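Report on one structure; see the data block that follows.
The values are calculated or read from the model by the stated rules, or taken from the named source; none is laboratory data. Predicted model only: the values in this text are computed from it and were never measured. Positions of Cβ are generated from backbone atoms using ideal geometry, with glycine treated the same way; all protein chains shown enter the neighbour counts. With ligands, DNA and RNA removed, areas are computed over all heavy atoms of the protein, side chains included. Shrake-Rupley method; radii C 1.70, N 1.55, O 1.52, S 1.80 Å.
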Amino acid sequence: MAAEEYDLVVRGGTLVTAGGSGPGDLGVADGRIVQLGGPMRGRRELDASGAYVLPGAVDTHVHLQATAPGPGDEPGFVDDFASGSRAALAGGVTTLGNMTFPADEAQSVEEAVARDLAAAGACSAVDYVLHPGLLRADDASLAAIPALAAQGHMSIKLFMMSLDEEADPSRLVAAVKRAGDAGMLTLVHCEDGALTRFVAEDLTASGRDALTHYPASRPDFTEAASVERAVAVCRATGAPVCLVHLSSGAALDAARRARAGGLPVYVETRPLYLHLTAEAHAASDGARFVGMPPLRQANDSRALWNGLADGSVDTVATDHAPWFLRDKLSPGHRLTAPRAGVAELETMVPMLYDAGVRTGRLSLERLVAVTATAPARLHGLYPRKGTLAPGADADLLVLDPDEERVIDGAAMESRAGYSVHDGRRVLGWPRFTVSRGEVVYADRTVTARPGRGRWLRRTRTGTPT
Ligand SMILES: [Zn+2]
């Protein structure tokens, strides 16, 4: 049989999916995967010898801005769709899910969605979905949910912590139910607002208001209590919920019990809680590590690693939401007004490989499952995204397990200029990133054109276009 000639062939690597791995070449035509293994020729070929060929990561939790703050603006998240999507490609991430919130109380969720669709359409170098975020569960926000589903959105985002105290609690239940009825997944930030506020104010009143006390200000039981409530909302409504950035063993236990009972409760964690622990906050520059929830104890980290391995944690997402270091370390950053969020897009997959696969805590297949296949399934993108199969988009990460780098945030694509992992030696980095058949990262350089990314939305038939 004569070898087919394709647009691109990825040659000599080990192909890895969530289901298994083995040596083989991969052929791409018209932006899609067309052949796995067997003879093939390419008009262009990538050398994947000694490397793993993985589906590009699907990071369904980032906070990219339509417009990054300029000089004189209030400090905020510093990556826009241009810099953030470049950071994604440098880290082997080929699909993003962006949290799209109104800028203030005056802006509607529909206006926020229009703002981000315009900005991402102009600037994003990777494919994306938006998660419309509700600041309140008022009449207008509730009414918007079916319309957002009809527009093609597959999820909404809610904060248990604000909605549960400032609004009639039945509103939160109604929002989750309405999203479920519209076929949408509800993403929930679980921390109990009343409890965290009480604990932080109590610490402040006793003079312990420095950010070194940040972990104590949002203890794990405030997260677990909120998870129990989200689970109860899921039980009452039957609507699926995803617990984003889960941080503690206590919260994971609550989620595990719900799943054992058959409830559609899904669990995401983020790199912070896998690689760092609460002692980091005690350093003089400990404010740089502030995320929400805070860093936890070593046993929490162990519980999350075990959860990734045994399947009780479904996905790892970055929650990429960086600030400039000067704003993290400034006096404007206080215990009662935390500037939460860090840069992780360029380090998530390499660090999962280094600290997970190389140490034996995570199989290669689970690495693919938690970074690509499970998030694609959960967000209605599978099998177009998240796997290596004929017909799937040719979104690929060619990971060189022998390449060693020392993390240096100042040299990365994110505008943050620092990484919480600065100075860490990590083995296993992207050699190439491919998005819909286009080689968009090679020789440590992002070559993607801004605006080439596509919005992935659900069509009438229920499959993403
Ligand atoms: Zn977030």
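Would you please give the residues with an amide H less than 5 Å from that of residue 420, counting only those at least 5 places away or on a separate chain, with H modeled from the backbone geometry?
Amide H neighbours of residue 420, under 5 Å, 5+ apart: 343.
Counting only protein chains, not ligands or nucleic acids, how are 242, 123 ordered by accessible area (probe 1.4 Å), most first?
123, 242
Around residue 61, which amide H atoms from residues at least 5 apart in sequence, or from another chain, sit under 5 Å from its own amide H, with H modelled in the peptide plane?
97, 318, 319
What residue among 439, 21, 275 has its Cα farthest toward the positive end of the dipole of the chain, where the charges are +1 on Lys, Arg and -1 on Asp, Glu, each on the Cβ?
In the chain, that residue is 21.
With an 8 Å Cα cut-off and a minimum separation of 6 or more residues, compute the relative contact order for region 56-378 in percent.
With pairs under 8 Å counted, the relative contact order is 18 percent.
Rounded, prolate or oblate: which fits region 56-378 when a ≥ b ≥ c are the square roots of the eigenvalues of the alpha-carbon gyration tensor, with rounded for a/c under 1.5 and prolate only if a/b beats b/c?
Taking the square roots of the gyration eigenvalues as a ≥ b ≥ c, region 56-378 is rounded.
Nearest 500 deg cm²/dmol is fine: what mean residue ellipticity at 222 nm does the chain get from its DSSP H runs of n ≥ 4 alone, each adding -39,500 (n - 2.57), divided by its residue count?
That comes out to -9000 deg cm²/dmol.
Which of rounded, prolate, oblate describes region 66-162, given a ≥ b ≥ c as roots of the alpha-carbon gyration tensor eigenvalues and a/c under 1.5 marking rounded, otherwise prolate only if a/b is larger than b/c?
In terms of gyration-tensor shape, oblate.
When the dipole is taken about the Cα centre of the chain, and only Lys, Arg (+1) and Asp, Glu (-1) are charged at their Cβ, what size is it in debye, to the nearest 20?
780 debye
Could you tell me what percent of the accessible area of region 56-378 is made up of carbon and sulfur, with a 1.4 Å probe and every protein chain present? Before the final figure, lay out each step's value.
Values: 5620 of 10600 Å².
The value for region 56-378 is 53 percent carbon and sulfur by accessible area.
D for region 101-255, whole µm²/s, Stokes-Einstein with Kirkwood Rh over alpha-carbon pairs at 4 °C and 1.567 mPa s: what number? Intermediate results must be reported in sequence, preceding the final value.
Details: Rh = 16.7 Å.
Diffusion coefficient, whole number: 78 µm²/s.
Among DSSP beta bridges lying fully in region 56-378, give the percent that are antiparallel, nearest 5.
5 percent
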